[in-house]
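A short write-up of the structure that comes next.
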Amino acid sequence: MSQPELSVLVDAVDAHGILPVATRNFRRIAKSDGARAIVADLAAEEILDGMLAELDQRLIAILGRSLLLASYESRISRALAKDALAATVVKGPIFARRLYETYSDRSFTDIDILVDPVALEPIGEVLRGFGFHQLAGAPSRPGVQNEFKWHIPGNELVLVEIQTDLVHSAQPNGGIHLRYNDLLMAGGGDAEDATALLLVGAVHGVAGHQFERLQPAVDVLRAVGGNGGKIDAGRLAKAAAATAATAALQTALDVVGILFREGRCADLVSLLPPAPWRRLRTKLLSPAVVLRSQAANGARDSWRRKGIRKLI
């Protein structure tokens, strides 16, 4: 790999949200195989040292924010549990703690809380107690608001999003949904159960963002790989059907399985009921589309993502 190619790779892993893992892997390869295993240049060691220094600088900002958010998340989660509120933190900090060997490997930029609507008011009181103020915002669709943003005045790094549905569907009476009770059903009563984590990762990655970054795909990979515990295929299929997310889940497993050559994805798909347009969905959201999503020409695939949204 040449120095210019290395610079492009560094920018790419940063844009895809996998910089912490990539940095550790760069160091491991350099230590075991030497700088020339990464950089094809006579000054390989000097170039690699410079690249690692740049990665460290980027990591300071990424990890610093994640640690700050983790501190607030821990206090908020304890308060939710203490008051027995029908709510749970999802995605970023939970994935980091449950799916990754090292917490810092999974960065995140906000705290997402999935809540039953009956708990919206008491959760607001909890957040006010920690110094948060609610941001004014328009409903996610006419007449309905299922996302509420809270921040600490003067601190742009700390953002909490309260959501009654992780999928902000334009279809008020249909389409995919993933609500607090759905998550409990997927997890057999435990919102952090491995099966619930996989469903959240798949729905968030495909229905929410169409894998516009590698990070959500890695979340699904690690859940399928058993990092969060054993997946209950029967419960997964039931929860996916109940939330109209079978096609989204199938798409996530197909894409991740091909992208990372993970056979356990196909094993899980074989246990799900069939969903229409599987072959077309896999072509629209191919591994190549995922990999170039953060490239300068990534926007050319926007029609593919619109197609996926319609098909799932």
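The values are calculated or read from the model by the stated rules, or taken from the named source; none is laboratory data. Because the structure is a prediction, the values reported are computed rather than measured. Using ideal geometry, Cβ is built from the backbone for each residue, glycine included, and neighbour counts are taken over all protein chains shown.
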Residues Ala53, Ala43: which one is small (Gly, Ala, Ser) and at pLDDT 85 or above? Ala53
Residue within region 31-49 that is closer than 24 Å to Phe211 by Cβ and not basic (Lys, Arg) present: no
Looking at Thr282, Thr246 in this structure, which one is of a type in the set (Ser, Thr, Tyr), at pLDDT below 95 and more than 17 Å from the chain's Cα centre (by Cα)? Thr282
Single residue of region 170-193 satisfying the filter (in contact (Cβ under 8 Å) with a residue 40 or more places away in the chain and in a helix (DSSP H, G or I)) that is surrounded by the fewest Cβ atoms within 10 Å (Cβ to Cβ): Asn181
With the checklist (1) surrounded by 13 or more Cβ atoms within 10 Å (Cβ to Cβ); (2) at pLDDT below 90; (3) not acidic (Asp, Glu) in hand, flag the one item Ala79 doesn't pass. (2)
For Pro216, the lone unmet condition from (1) within 18 Å of the chain's Cα centre (by Cα); (2) under 19 Å from Ile18 (Cα atoms); (3) at pLDDT below 95 is (3)
Of the residues in region 156-169, those that are modelled with pLDDT of 90 or more and part of a strand (DSSP E or B) come to Leu157, Val158, Leu159, Val160, Glu161, Ile162, Gln163
Name, by its number, the condition in (1) at pLDDT below 95; (2) buried (at least 16 other Cβ atoms within 10 Å of the Cβ); (3) more than 13 Å from Glu212 (Cβ to Cβ) that does not hold for Gln294. (3)
Just name the residue that is surrounded by the fewest Cβ atoms within 10 Å (Cβ to Cβ) out of those in region 225-265 that are of a type in the set (A, V, I, L, M) and in contact with a Gly (Cβ under 9 Å, 6 or more places away or on another chain). Ala244
For residues that are over 18 Å from Val290 (Cα atoms), in contact (Cβ under 8 Å) with a residue 12 or more places away in the chain and part of a helix (DSSP H, G or I), tally how many sit in region 239-279. 9
